[in-house]
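Report on the structure given below.
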Amino acid sequence: MPPRSSGFNPATASAELHVIADTVERQRERVAAVAEPFLGTEREDIVAMVHEAERQLSIATRALRRAIKSLDR
C-alpha cells in the first residue's frame, strides 16, 4: 500500500482507483474462465464456488467505479 500523503488529490485517487478497477475486472474475467471446463461435469460444486468468487469481484468493481464517479464530481 502506498504511503499516505498529507494532500488530498481527487484526480490522483481517481486515476489509482481506475487502474485497480480495471485490474479487478480482468481478474474477474480470468476467474470466470476457470469455471468453463467444469460446466456440465460432476464438478458443478467448483462451478458454483468460482461463480460466487466472480460475483464478488463484480461487486468490488462496481463499488470502485462508484467511488471513481464520486471523486470525479
Practice task
Among residues belonging to region 7-23 that are surrounded by 12 or more Cβ atoms within 10 Å (Cβ to Cβ) and either of a type in the set (Asp, Glu) or closer than 16 Å to Ser58 by Cα (or both), point out the one that is farthest from the chain's Cα centre (by Cα).
Solution key: Glu16
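Listed here are the residues, each with its yes/no results for (1) in contact (Cβ under 8 Å) with a residue 24 or more places away in the chain; (2) in a helix (DSSP H, G or I).
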{"residue": "Gly7", "(1), (2)": "no, no"}
{"residue": "Ala13", "(1), (2)": "yes, yes"}
{"residue": "Arg30", "(1), (2)": "no, yes"}
{"residue": "Val34", "(1), (2)": "no, yes"}
{"residue": "Gly40", "(1), (2)": "no, no"}
{"residue": "Ile68", "(1), (2)": "yes, yes"}
Handout entry: Arg26 at pLDDT below 95, loosely packed, with under 15 Cβ neighbours inside 10 Å and either among the basic types (Lys, Arg) or part of a helix (DSSP H, G or I) (or both)
Key = no
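The values are calculated or read from the model by the stated rules, or taken from the named source; none is laboratory data. Keep in mind that what you see is a predicted model, and the values were worked out from it rather than measured. Because the Cβ atoms are built from the backbone with ideal geometry, glycine has one as well, and the counts that use them run over all protein chains shown.
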